[in-house]
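Beneath this line is the structure, given in structure tokens, with notes to follow.
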Amino acid sequence: MKGLIAKKVGMTQVFDESGNLTPVTVIHVEPNVVVSAKTKENNGYEAVVLGLDDVKASKVNKAYAGQFSENVTPKRILKEFRDFDSEVKVGDQIGLELFDGVRFLDVTATSKGKGFQGVMKRWGFHGGRASHGSKFHREAGGTGMCTTPGHSFKNIKMPGRMGFERVTVQNLKIVKVDPELKVILVRGAVPGVKNCTLIVKSAVKK
């Protein structure tokens with residue numbers, strides 16, 4: 001499996017040679033630094049820890065700085081990738097060249113938070129009649145049992161906090177890669193707000 005830490009720039013659109021429009025998301029990939037490598041002998045599994053965004057040494061405590069070697073500056077974002085396909089060592093920088101030959105990606109991020117929402121927006125309920133006097137417009141309706149056990153079962157769809165969840169969108173096709181701008185254009189949308197942190201991996205199901 002191949003993966004990198006990236007940032008979401010936003011959405012745009014591109015046209016192919018036939019004039020067909022394709023909506024794409026622009027993903028900016030700065031070079032990731034290999035912070036540490038885990039082995040089966042020492043850790044019981046193989047993995048690579050990548051880091052992004054430098055942090056001043058004066059801003060981190062000894063416990064946090066202890067996981068970085070002398071030739072690696074402390075990083076703000078860390079992510080562990082198991083069963084990493086490429087051979088790397090601590091201190092190496094990995095960029096867009098990692099995805100050479102890859103056509104589809106899986107992108108993971110935290111979705112947009114929408115606050116406390118009702119059942120119509122949160123779960124897609126149709127609601128009641130909109131006519132005057134119905135008294136049942138946007139409510140959820142009955143949720144309890146009229147007999148035993150006398151309370152609502154678990155997992156009843158009700159109002160509550162919506163969004164701000166970890167979401168993975170699979171099989172996003174790579175439309176274009178620009179090494180100079182360090183961006184990848186993928187077809188479709190990815191979760192999260194602009195400038196949020198993304199975990200970009202080679203597609204598992206492709």
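The values are calculated or read from the model by the stated rules, or taken from the named source; none is laboratory data. Note that the structure is a prediction, hence the values are computed from the model and not measured. Here the Cβ is made from the backbone with ideal geometry for all residues, glycine too, and neighbour counts use every protein chain on show. With ligands, DNA and RNA removed, areas are computed over all heavy atoms of the protein, side chains included. Shrake-Rupley method; radii C 1.70, N 1.55, O 1.52, S 1.80 Å.
Things worth noting here:
- Candidates V35, V29, filtered to the one that is closer than 17 Å to L181 by Cα, touching a Leu at 6+ places or on another chain (Cβ under 9 Å) and among the hydrophobic types (A, V, I, L, M, F, W, C): V29
- Checking the stated criteria, V204 turns out to be open to solvent by 60 Å² or more (accessible area, probe 1.4 Å), over 30 Å from T143 (Cα atoms), under 17 Å from the mean Cα position of the chain (by Cα) and modelled with pLDDT under 95.
- Restricting the first member to the range 107-119 and to residues that are in a helix (DSSP H, G or I), and the second to residues that are among the small types (G, A, S), the beta-carbon pairs closer than 8 Å and six or more apart or on different chains are V119/A140.
- Taken over the range 120-147, the criterion of being of a type in the set (G, A, S) and either at pLDDT 90 or above or not in a loop (DSSP other than H, G, I, E, B) (or both) is satisfied by G124, G127, G128, A130, S131, G133, S134, A140.
- Some residue of the range 159-175 being open to solvent by 100 Å² or more (accessible area, probe 1.4 Å), farther than 22 Å from G51 by Cβ and outside any loop (DSSP other than H, G, I, E, B): yes
- Selection of the range 92-127 for residues being more than 14 Å from L198 (Cβ to Cβ), surrounded by 14 or more Cβ atoms within 10 Å (Cβ to Cβ) and of a type outside the set (A, V, I, L, M, F, W, C) yields D92, Q117, G118, R122, G127.
- Just one residue in the set G3, G91 is more than 24 Å from the chain's Cα centre (by Cα), closer than 28 Å to V177 by Cα and in contact (Cβ under 8 Å) with a residue 40 or more places away in the chain; that residue is G91.
- Of the listed requirements (1) open to solvent by 70 Å² or more (accessible area, probe 1.4 Å); (2) in contact (Cβ under 8 Å) with a residue 12 or more places away in the chain, K135 misses just one: (2).
- Which numbered condition G150 misses (of (1) part of a loop (DSSP other than H, G, I, E, B); (2) touching a strand residue (DSSP E or B) at 6+ places or on another chain (Cβ under 8 Å); (3) open to solvent by 40 Å² or more (accessible area, probe 1.4 Å); (4) on the phi > 0 side of the Ramachandran plot): (2)
- The C-beta contact set for the range 55-74 (first residue within 22 Å of Q93 (Cβ to Cβ) and hydrophobic (A, V, I, L, M, F, W, C), second residue at pLDDT below 90 and open to solvent by 40 Å² or more (accessible area, probe 1.4 Å), distance under 7 angstrom, 6+ apart or interchain) comprises A65/A57; V72/V90.
- Only a single item in (1) within 25 Å of E180 (Cβ to Cβ); (2) touching a Pro at 6+ places or on another chain (Cβ under 8 Å) is not met by A65, and it is number (1).
- In summary, K75 fulfils each of the numbered conditions (1) open to solvent by 40 Å² or more (accessible area, probe 1.4 Å); (2) basic (K, R); (3) modelled with pLDDT under 95 with the single exception of condition (1).
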